[in-house]
1. Which value at 222 nm does the chain reach when only helices count, each DSSP H run of 4 or more adding -39,500 (n - 2.57), with the total divided by all residues and rounded to the nearest 500 deg cm²/dmol?
2. With no solvent and one equal point scatterer placed on each C-alpha of the range 190-331, evaluate the Debye formula and give log10 I(q)/I(0) for q = 0.19, 0.20, 0.22 Å⁻¹, two decimals.
3. Computed over the Cα atoms of the chain, what is the convex hull's projected area averaged over all directions, in nm²?
4. Sort Asp102, Asp84, Asp185 so the one with the fewest other Cβ atoms within 10 Å of its own Cβ comes first.
5. Can you pull the percent of Cα pairs in the range 57-195 with separation above 25 Å?
6. With N denoting the number of residues in the range 221-304, provide Rg(C-alpha) divided by 2.2 N^0.38 Å, to two decimal places.
7. Would you list, by chain and number, the lysines whose Cα falls below 17 Å from the Cα of Lys181, excluding same-chain residues fewer than 8 positions away?
8. For the range 131-262, what is the largest minus smallest coordinate of the Cα atoms on each principal axis, given in angstrom and ordered from greatest to least?
Amino acid sequence: MKKLISLLLVLALCLSVVSCFAEGAAKKVGIAMPTKSLERWNRDGAYLQEQFEAAGYVVELRYSDNDIEQQNNDIQGLIADDVDLLIITAIDSDSLSVTLEDAKAKGIMVIAYDRLINNTDALSYYVSFDNYTVGVLQGAFVKDTLDLDNAEGPFNIEFTAGDPADTNAGYFFNGAFDTLKPYIDAGKLVIVSGKTTFAQVATPAWSTDTALTNMQNTLASYYSDGTILDVALCSNDSTALGVAQAITSDYAGGNAPIVTGQDGDIANLRNIVDGIQTMTVYKNVAEEAAVTLEVAMAILAGQTPDAGLLESLSAEAAFDTETYDNGVFVVPSYLLVPYVITADNLQKLVDIGLYQWDAEQKYLEAK
């Protein structure tokens, strides 16, 4: 009888272990991305899904076609599907607070991925890049390329910023503008159009077509007489693509203006090779996904991620508890470091493993 009881106890223990393992293996992560219309989010969504599935999680990935109502519905669907964790890149950083109350009520923790989510305490962590530094890198590139500390100038510059609904867009613009403001104030850099504020140069939904139209209008109004445009400072690659198209088709000057960008989209990397765009700021999605995975694993294990989480990772990042106030509280943030890509260091993108050279070894393509 004792042997039977012992056997039953062992069997019960084994079933318990199997049950716990199965429960752990079945942890479900919901990922909400803004749109498939921008290459950036296709790349991020796919890489996040790949990383989480490789780690043994079940993943539900949804894209919301840049539609705020649809994203709220998509997230509600993920909540109804009883995901254990939400990873969200918001279309509109101010539009998710009500929906996330439902996540909080069900005990579902939330990571804001790349874009901060405002006006909610349902948010647990924010994983992104040092977004102000993105703009600083663009501004510093312009400063160094034009040698503003030594050249007489003046040089003409126009800004194209991002989506007002994206909290990152303001950081990008401010980082660049603040870096160049001493030269603007001194008259060495001239904004011929007079568009000096974020609101004046913002581009809803980061639309390439809107950036194209806006730059065409600027060129027609202020540069049609052959006035030289030295710099078109664009906050990201989708806007840079439109601005470059406008310069190619409508610019009357004889020079090739500096055109900045961000993200490393394939079309823009081709433009860099062809001399149409000058640089892009690259944010390594592999590193961003790796940090997100580590934060998620800690959360799902009942731990509280902090600065120590970064010690096991090769990604260059910082743990920030002071900068990103979402209107309710300062969100604990993991901020990675971006870097500049030009025609001279495209190989760096190949080395990280997400790009490869084409057959002619001229252009980069996604792996």
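1. Numbers: 12 runs with 159 residues, N = 367.
For the chain, the value works out to -14000 deg cm²/dmol.
2. -1.06, -1.13, -1.28
3. On the way: hull surface 89.3 nm².
Projected area, direction-averaged: 22.3 nm².
4. Working: Asp102 14, Asp84 18, Asp185 9.
Going from sparsest to densest Cβ surroundings: Asp185, Asp102, Asp84.
5. So the portion of pairs separated by more than 25 Å is 43 percent.
6. Details: Rg = 18.8 Å, N = 84, 2.2 N^0.38 = 11.8 Å.
This ratio for the range 221-304 stands at 1.58.
7. Straight-distance partners of Lys181: Lys143, Lys195.
8. The Cα atoms of the range 131-262 stretch 38, 31, 21 Å along their principal axes.
We did not get these values from a lab; they are worked out from the coordinates using the rules stated. Note that the structure is a prediction, hence the values are computed from the model and not measured. Note that each Cβ is placed from the backbone with ideal geometry, even for glycine, and that neighbours are counted across all protein chains shown.
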